[in-house]
2 protein chains.
Amino acid sequence: MPTASQRSQIMPSSPIRRLVPLANAAEQKGVHVHYLNIGQPDILSPQAFWEGVDQFQRTTLAYSPSPGRDDIRAAALEDYKKRGIPVKPAELVVTAGGSEATLFAFLACFDPGEEVLVLEPYYANYKSIAQEAGVGLVSIMTRIEEDFALPTVEIIASALTSKTKGILLCNPSNPTGCTFSNQHLLSIAQLAMERDLFLIVDEVYRDFNYTEVEIKSCLTVPGLEKNAVMIDSLSKRLSLCGARVGFIASHNEDVMSAAVKLSQARLSIGTLDQAGAAKALAETPPEYMDNVREEYRQRRDVLVEGLQKIPGVVCPRIDGAFYAFVQLPVDDAEEFCKWMLSSFEHNGETVLMAPGEGFYLTPGVGRNQARIAYVLETDQLKRALECIRIGLEQYPGKTLTQEPAVGVAR
Amino acid sequence: MPTASQRSQIMPSSPIRRLVPLANAAEQKGVHVHYLNIGQPDILSPQAFWEGVDQFQRTTLAYSPSPGRDDIRAAALEDYKKRGIPVKPAELVVTAGGSEATLFAFLACFDPGEEVLVLEPYYANYKSIAQEAGVGLVSIMTRIEEDFALPTVEIIASALTSKTKGILLCNPSNPTGCTFSNQHLLSIAQLAMERDLFLIVDEVYRDFNYTEVEIKSCLTVPGLEKNAVMIDSLSKRLSLCGARVGFIASHNEDVMSAAVKLSQARLSIGTLDQAGAAKALAETPPEYMDNVREEYRQRRDVLVEGLQKIPGVVCPRIDGAFYAFVQLPVDDAEEFCKWMLSSFEHNGETVLMAPGEGFYLTPGVGRNQARIAYVLETDQLKRALECIRIGLEQYPGKTLTQEPAVGVAR
């Protein structure tokens, strides 16, 4: 028999998704599961999305233009204009979420065997996407003891190899919640320019910023025009994860020419979703996102405060996105997460978290860490926190030697 | 500045889509364009699709399970059961159309540098998808003079190299309209088993079969369980191109394990589209497809008859799908297709066809050929044929040396 490809066999299963069958089994036993594993906001999708769907002419649901329908393209260009992010029509391709935008960026920028530099822990699917594209990852470790502080430009420069052709950042970061200061971004941009590197920035959490400083898009950095590639998505900021509408944008003509050809190779993304998303993007008032941000800020505060009260849990500072990447007083967070689903319940409830190891490139790191998405209302978050607290008390596999590093669990 | 990847720069732009800007320009001049370039049926999407959309709960449009929602999975499994195609739940992943299913098949079956055998002319995007996956194509030429007759298994066997790890067929074929006899398929299946090759069959046109012989799915061939990978889509058969719902199915566990991981790497396909497609697939009566097939049979007859009356045009026999891959009495079909859009109109109308060369791997072949999708009503098809006839009369670049081969233009 023929054997499946090596690349597909070594591809990791998603740490965000692979415990879902256990959660389903728990639910079938009647246990309520708080889903903290995935960045799926519970916020209502904008009413305008559904209006766009309803207004769609119900004849033949046809392919869209490959780089996106005119309506969603116009809405996105207008939105970027309002944000002061300069994007011309030829510099934009509409994609099936940020996921496809990331794949397009890898394929357009890198050839097989070339490398892109990432920070650990990273968004787990970067590894899968790199394997699809045959691109290597090189990484710089960031540490929970240092609030996953971003490395200096000197450290980044020293990690580059002759094969490194780009740097991929997520700002604000999934999974750490870190944000790049504008000065930090500029210094990395300077390095990218000096070394002829692509600087790909995943900006899908741009609006989930709890600091006072506005986050700069990579597309606004002077001189970086040929290096910068922006990945964006409506999934999180308009609570439209299931619509699969995202964007890749760059001032680099060759990259965008490649993105258009890549879009043609899959013909079209969902036509109805684009129609709805166009109306949602054009008509949703700024207050929608202001309210969402304020809601998430409260959730973050509830989560961080709650986690800090649990003995042995290390929760770093969180400035953006909607994840806490935490250390747990257990030997193996994946085993703990499984145990929470298969052997634990508190008042008929439990939680699903994403085990941390899959967010690292370096083997063995992050084994006692987990990503918690604070995508639930605060009262539910509090109940989920109570499950985690009591679960850790009862869990037989916890380690007593694990202590939080000084000054970290704030 | 960094340079875009080699692979993206050598990727072809779609011969099906790249003349669309010229068509748009023609429309802006007030010329009506008959779109024969793309396999976009004009048939109404099933009413049940829209009912499924309307019944969807309008709260948060969330991610779906990566391998597909339960409803569309159940509908697909039931549909395959009715067709006598054995597919178990673990053998199915729902994809963003046949395009993503093809990409998943390439990534799951082949490693970079390996090769897959295809027949020329092929569906043009196979080349782009192969380049994305870093997989080579080797090809066997089929010829318009022979109605693109499928090669014998001996010829296929002789084309295999040490790097060839699979055979990719499209049955019925886009772009040629050929169908594989069951005996032919079995002999190729036998070869695949003997040589440990994957046999990937793109079966998205299965229902567009104008012969009396039912087309066998590759998944039904005894002994081929570990070799066969089926690509399928609802785009054509339910006129849901814009919904992006397709399938990859195989009895090979490793291939499906890879497909699940690949599906996780892009999180989800469109949730609303799946809800609509599930209802459409479950509730659309067989008469819908019977009517569609009969409609397309009539269109085929009108098109073939009309093309045969145009001097110098060679139109082979067409048994399935909804394309005619024809030879035109011109030096360069791409130039002719452009001229038809930029310099020609007949009673305020013209046509957009897909130039043929992009459907070949071998350079220079197919330059005087084009793919015509007969996706319009017969009266519109007749008007489009009249445009082609008069356009060829007026076109300054036609060649007088091009004669149809004996016995072909039937």
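The values are calculated or read from the model by the stated rules, or taken from the named source; none is laboratory data. Being a predicted model, the structure only gives us computed values, none of them experimental. Using ideal geometry, Cβ is built from the backbone for each residue, glycine included, and neighbour counts are taken over all protein chains shown.
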Candidates B:Ser257, B:Ser233 - the one that is among the hydroxyl-bearing types (Ser, Thr, Tyr), surrounded by fewer than 24 Cβ atoms within 10 Å (Cβ to Cβ) and more than 7 Å from every other protein chain (Cβ to nearest Cβ):
B:Ser257
Of the criteria (1) more than 13 Å from chain B (Cβ to nearest Cβ); (2) surrounded by fewer than 23 Cβ atoms within 10 Å (Cβ to Cβ), which one A:Pro112 fails:
(1)
For region B:342-369, what are the residues that are of a type in the set (S, T, N, Q) and in contact (Cβ under 8 Å) with a residue 60 or more places away in the chain?
B:Ser342, B:Thr350, B:Thr362, B:Gln369
All conditions in (1) at negative phi; (2) surrounded by fewer than 24 Cβ atoms within 10 Å (Cβ to Cβ); (3) more than 10 Å from every other protein chain (Cβ to nearest Cβ) are true of A:Cys218 except (2)
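Assigned by TED's automatic domain parsing to the domain that holds B:Gly39 and free of Cβ contacts under 8 Å to residues at least 12 places away in the same chain: is that true of B:Glu386 in this structure? Steps first, answer last, please.
On the way: assigned by TED's automatic domain parsing to the domain that holds B:Gly39: yes; free of Cβ contacts under 8 Å to residues at least 12 places away in the same chain: no.
Judged against the criteria, B:Glu386 is not a match.
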Among the residues of region B:181-205, how many are buried (at least 24 other Cβ atoms within 10 Å of the Cβ) and hydroxyl-bearing (Ser, Thr, Tyr)?
1
With the condition kept exactly as written, say whether any residue in region B:122-134 is buried (at least 18 other Cβ atoms within 10 Å of the Cβ), touching a strand residue (DSSP E or B) at 6+ places or on another chain (Cβ under 6 Å), away from chain A (no Cβ under 13 Å) and at pLDDT 95 or above.
no
B:Ser162 being assigned by TED's automatic domain parsing to the domain that holds B:Leu186, surrounded by 17 or more Cβ atoms within 10 Å (Cβ to Cβ) and polar (S, T, N, Q):
no
Scanning region A:91-120 residue by residue, those in a helix (DSSP H, G or I) and charged (D, E, K, R) turn out to be A:Glu91, A:Glu100
Hey, could you check region B:121-154 for residues that are outside any loop (DSSP other than H, G, I, E, B) and β-branched (Val, Ile, Thr) and say which is farthest from B:Met193 (Cα to Cα)?
B:Ile144
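State yes or no: is B:Pro172 surrounded by 22 or more Cβ atoms within 10 Å (Cβ to Cβ) and either part of a helix (DSSP H, G or I) or more than 14 Å from chain A (Cβ to nearest Cβ) (or both)?
Numbers: surrounded by 22 or more Cβ atoms within 10 Å (Cβ to Cβ): yes; either part of a helix (DSSP H, G or I) or more than 14 Å from chain A (Cβ to nearest Cβ) (or both): yes.
The answer is yes for B:Pro172.
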For the subset of region B:238-254 comprising residues that are farther than 19 Å from B:Pro286 by Cβ and of a type in the set (S, T, N, Q), which member is farthest from the other protein chains (Cβ to nearest Cβ)?
B:Ser250
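Considering B:Glu100, B:Glu146, which residue is crowded, with 24+ Cβ neighbours inside 10 Å and in the same structural domain as B:Arg206 (by TED's automatic domain parsing)?
B:Glu100
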The lone exception for A:Leu267 - which of (1) at the interface with chain B (Cβ under 9 Å from one of its Cβ atoms); (2) not hydroxyl-bearing (Ser, Thr, Tyr); (3) not in a loop (DSSP other than H, G, I, E, B) it fails:
(3)
Checked region B:133-159 for anything in contact (Cβ under 8 Å) with a residue 12 or more places away in the chain and either closer than 30 Å to A:Ala130 by Cβ or small (Gly, Ala, Ser) (or both); matches are B:Ala133, B:Gly134, B:Val135, B:Gly136, B:Leu137, B:Val138, B:Ser139, B:Ala149, B:Ala157, B:Ala159
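Scan region A:29-36 and tell me whether some residue there is within 12 Å of chain B (Cβ to nearest Cβ) and either surrounded by 22 or more Cβ atoms within 10 Å (Cβ to Cβ) or free of Cβ contacts under 8 Å to residues at least 24 places away in the same chain (or both). Quick ask: steps written out before the conclusion?
At the first step, the residues of region A:29-36 found to be within 12 Å of chain B (Cβ to nearest Cβ) are A:35.
Checking the rest, the ones that are also either surrounded by 22 or more Cβ atoms within 10 Å (Cβ to Cβ) or free of Cβ contacts under 8 Å to residues at least 24 places away in the same chain (or both) come to none.
Scanning region A:29-36, I find no residue that is within 12 Å of chain B (Cβ to nearest Cβ) and either surrounded by 22 or more Cβ atoms within 10 Å (Cβ to Cβ) or free of Cβ contacts under 8 Å to residues at least 24 places away in the same chain (or both), so the answer is no.
Could you check, for region A:282-289, whether at least one of its residues is assigned to a loop (DSSP other than H, G, I, E, B) and within 14 Å of chain B (Cβ to nearest Cβ)?
For region A:282-289, residues assigned to a loop (DSSP other than H, G, I, E, B) and within 14 Å of chain B (Cβ to nearest Cβ): present.
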Only residues that are assigned to a loop (DSSP other than H, G, I, E, B), more than 12 Å from chain B (Cβ to nearest Cβ) and closer than 30 Å to A:Ala373 by Cβ: list them for region A:37-90, please.
A:Gly68, A:Arg83, A:Gly84, A:Ile85, A:Val87
Considering each of B:Ser187, B:Ser162 in turn, give the residue that is in a loop (DSSP other than H, G, I, E, B) and over 28 Å from A:Phe104 (Cβ atoms).
B:Ser162
Looking only at region A:303-324, decide whether some residue is among the aromatic types (Phe, Trp, Tyr), in contact with a helix residue (DSSP H, G or I) (Cβ under 9 Å, 6 or more places away or on another chain) and in the same structural domain as A:Cys178 (by TED's automatic domain parsing).
no
Is it the case, given these coordinates, that A:Glu225 is closer than 23 Å to A:Pro286 by Cβ and not assigned by TED's automatic domain parsing to the domain that holds A:Gln40?
no
Checking B:Pro21 against (1) within 9 Å of chain A (Cβ to nearest Cβ); (2) part of a helix (DSSP H, G or I), the condition it does not meet
(1)
